[in-house]
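Have a look at the structure below before the remarks.
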Amino acid sequence: MRLKLPPKVIRIIRVLQENGFEAYAVGGCVRDLLRGVPPHDWDICTSARPEETKGCFAGQRMLETGLK
């Protein structure tokens, strides 16, 4: 099964992957897609450490969560 992700989510995942990291959409957004409900927000997990993630998106707005 392939789930349709918005272009901005695909771009974030691609940037992380192009920099050598794993990245996936996870959590409630995936559940909502499976239920046929439009997600309200998107969670992305990655193998990149916080400082590596920042480096991939330098100069762009980021919402940092789960740093502790």
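The table below lists the values:
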{"item": "Pair list, Cβ < 8 Å and 6+ apart or interchain, from segment 4-17 residues that are within 14 Å of residue 29 (Cα to Cα) and open to solvent by 40 Å² or more (accessible area, probe 1.4 Å) to residues that are small (Gly, Ala, Ser) and at pLDDT 95 or above", "result": "5/25"}
{"item": "Residue in segment 46-66 that is touching an Asp or Glu at 6+ places or on another chain (Cβ under 9 Å) and of a type in the set (D, E, K, R) present", "result": "yes"}
{"item": "Condition met for residue 28 (open to solvent by less than 90 Å² (accessible area, probe 1.4 Å) and on the phi < 0 side of the Ramachandran plot)", "result": "yes"}
{"item": "Options 20, 55, 59, 66; residue that is outside any loop (DSSP other than H, G, I, E, B) and loosely packed, with under 14 Cβ neighbours inside 10 Å", "result": "55"}
{"item": "Members of segment 47-68 found to be among the β-branched types (Val, Ile, Thr) and without any contact (Cβ under 8 Å) to a residue 24 or more places away in the chain, listed by number", "result": "65"}
{"item": "Meets criteria (outside any strand (DSSP E or B) and within 17 Å of residue 64 (Cα to Cα)) for residue 32", "result": "no"}
{"item": "Residue match in segment 41-53 (condition: touching a Ser or Thr at 6+ places or on another chain (Cβ under 6 Å), among the hydrophobic types (A, V, I, L, M, F, W, C) and at pLDDT 95 or above)", "result": "no"}
{"item": "Subset of segment 31-46 [touching a residue at least 12 places away in the same chain (Cβ under 8 Å), buried (at least 16 other Cβ atoms within 10 Å of the Cβ) and touching a helix residue (DSSP H, G or I) at 6+ places or on another chain (Cβ under 8 Å)]", "result": "42, 44, 46"}
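The values are calculated or read from the model by the stated rules, or taken from the named source; none is laboratory data. Bear in mind the structure is a predicted one, so any value in this text is a computation, not a measurement. Positions of Cβ are backbone-derived with ideal geometry, glycine not excepted, and every protein chain shown enters the neighbour counts. Keep in mind that these areas ignore ligands, DNA and RNA; they rest on the heavy atoms of the full protein, side chains included. Shrake-Rupley method; radii C 1.70, N 1.55, O 1.52, S 1.80 Å.
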